[in-house]
Amino acid sequence: MHTRFLFLYMAFIFSVSFLKAQTAKQIVSGPMIGHTELRTSTIWAQFAGHLTKAALHYNNGSNKTVQFQLTGGEFNTAIVTLTDLNPGQIYPYQIYVNNGKTPVASGDITTQQLWQWRKPAPDFSFLTGSCAYFNEPKYDRPGKPYGGDSSIFQPMAKEEAAFTLWLGDNWYTREVDYFSEWGLHYRASLTRSLPVLKNLFKKMPHYAIWDDHDFGPNDACKSYILKNTSRNVFMKYWANPSYGQNGQGVYSKISWNDVDVFVLDDRWERSSGYLPDSINGQPNLTKKMFGNEQIEWLKEELLFSNGNPKTTFRIIATGSQVLNPFSPYDCMRHYPKEFYELLSFIEQNKIEGVLFLTGDRHHSEIIKQERNGLYPLYDITVSPFTSGIAKTRGAEANNPARIGKEIDEQNYARLSFSNEGENRKLTVTFISTKGNVIDEWSVKASDISK
């Protein structure tokens, strides 16, 4: 009996190990939950290049199977859409490949709640951050590794948040990557496949914007010769609700409960940073960060959002800082034509509840800009996830526009929305790699209106 039990146990261990090995060969990375609405959701995954068929099964009252449309080849990614769902429900799913009977991956998604006209906006939170560098020594710069501890994604995966918003530099292209289509795919694929990210990608929906390092080279702008290719790679590795307009850029909008997040593209139409900010004391009208089409889109979306009495907060998210008066880097202030145009538009049209959410700087901080007779504007910068730390220097080190402290360590932020009516509040909590609170700041909706 003992020998028989041992044999069965060893057979079980072998079968589990075999299944894991087979799964590893079939799912390169993912599954990752993408854009999720009240009655639909998306699931992304990258499959082994030899696979030609993959399907996802879920139960929405009746058993339903949807087919992945695999792109094929070495970077074999696909996105499926789950439809005919009900709001505020949890739906388990299983993924099968090549008509197999055993799932190679599983998880669940939760749809958004239908609260409008029924109850106050629900309390919820989302996670955010930027600058995720993962070391690959043979292609990295010599010397001290630029990428730090990647365990930060473990406490993030334990959060009960609605979604994660990646604020750019979500992977770092190297010199060996950004001069070829294969290289751009390689860097995205390698980063996405790292085991430390797996639980986070399965836990909640993910949205993303890009900045220079996942768009192309450092400080890349609209002249980047592979920008169309880079856009295609971005769309293959994220599942946003949309990607710009007319085949241009990757900007979009996320609506979750009473919060609208406008996710902007600060690279596609960006002018070179070497252009002067002003000419003869006047803003340089040719120097632009977002371009005419995107700025007009943002204005129309802000007006539409402002006309919805159920929307409380309007967050404008972009890779580069917006308000920092002492930034020597890629701040929107160095593009004064669009900077003053946008702020004037917000003022003249009485757009309420506006905050900026940015990354890039390799430290976190909150910048405040006072406005005569109007509510103040805030720029919440969250960086880095894993990249090197960059402390401010010179005049910026004692920036009078900064509220709270400068955070000079790896971190992410949790943006939490709570309370009802005039007491509706946003709380920003900066969290360390160990899941500990570093700093916290909050603002009431009533303090950023009128």
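The values are calculated or read from the model by the stated rules, or taken from the named source; none is laboratory data. Being a predicted model, the structure only gives us computed values, none of them experimental. Virtual Cβ from ideal backbone geometry, glycine too; neighbours counted across all protein chains shown. The protein model used for the area step is the full one, side chains on, heavy atoms only, and it has no ligands, DNA or RNA in it. Shrake-Rupley method; radii C 1.70, N 1.55, O 1.52, S 1.80 Å.
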Rolling a 1.4 Å sphere over the protein heavy atoms, what is the accessible area per residue of segment 326-396, to the nearest Å²? 37 Å²
Segment 73-138 - accessible surface per residue (Å², probe 1.4 Å): 48 Å²
Which length gain, in nm to one decimal place, applies between S449 and Y139 when the Cα-Cα distance is subtracted from 0.36 nm times their residue separation? 106.7 nm
Among F201, W166, G143 the positive-end extreme of the charge dipole of segment 140-206 (Cβ point charges): F201
Nearest-0.05 FRET efficiency for K101 and S278 at R0 = 45 Å, using Cβ-Cβ distance, is 0.10
Out of Y340, A413, T358, whose Cα points farthest toward the positive end of the dipole of segment 325-450 (charges: +1 Lys, Arg; -1 Asp, Glu; placed on Cβ)? A413
Would you check the accessible area of C131, probe 1.4 Å, heavy atoms only, in square angstrom rounded to 10? 0 Å²
With a 1.4 Å probe and all protein chains left in place, how much of the accessible area of the chain comes from carbon and sulfur atoms, in whole percent? 52 percent
Within segment 382-400, what residues put their amide N at less than 11 Å from the label point 7 Å along the Cα-to-Cβ vector of D408? 389-394, 397-398
For mean projected area of the Cα convex hull in nm², with candidates [x] 25.4; [y] 29.9; [z] 26.5, the value calculated from the shown model is option [x]
Relative to the longest principal axis of the chain, what angle (0 to 90°, nearest 10) does the C-alpha long axis of helix 181-192 take? 80 degrees
Compute the Rg to Rh ratio over segment 269-415 from the alpha carbon atoms, using the Kirkwood formula for Rh, and round to two decimal places. 0.96
³J(HN,Hα) computed for each position of segment 142-148 - Karplus, 6.51 cos²θ - 1.76 cosθ + 1.60, integer Hz, glycine/proline x: x, x, 4, x, 7, x, x
Kindly state, to the nearest 0.05, the FRET efficiency for T71 paired with F304, given R0 = 41 Å and r defined as their beta-carbon distance. 0.75
Relative to the Cα centre, what is the charge dipole magnitude of segment 35-182, using +1 at the beta carbon of each Lys and Arg, -1 at the beta carbon of each Asp and Glu, and rounding to the nearest 20 debye? 420 debye
Go through K227/K288; K138/K236; K227/K391 and tell me which ones have a Cα-Cα distance over 24 Å in this structure. K138/K236; K227/K391
Past 22 Å, Cα to Cα, is the threshold; run K53/K101; K64/K101; K119/K203; K310/K405 against it and keep the listed order. K119/K203; K310/K405
Determine the dipole magnitude for the chain: charges of +1 sit on the beta-carbon of Lys and Arg, -1 on that of Asp and Glu, nothing else is charged, the reference point is the Cα centre, and the result goes in debye to the nearest 20. 1220 debye
Contour excess over end-to-end distance, with Cα ends at F179 and S242 and 0.36 nm allotted per residue: 20.1 nm
Give the angle, between 0 and 90 degrees and rounded to the nearest 10, that separates the Cα long axis of helix 2-26 from the longest principal axis of the Cα atoms of the chain. 40 degrees
Need the full-extension length gain, T40 to F345, defined as separation in residues times 0.36 nm minus the C-alpha distance. One decimal, nm. 106.4 nm
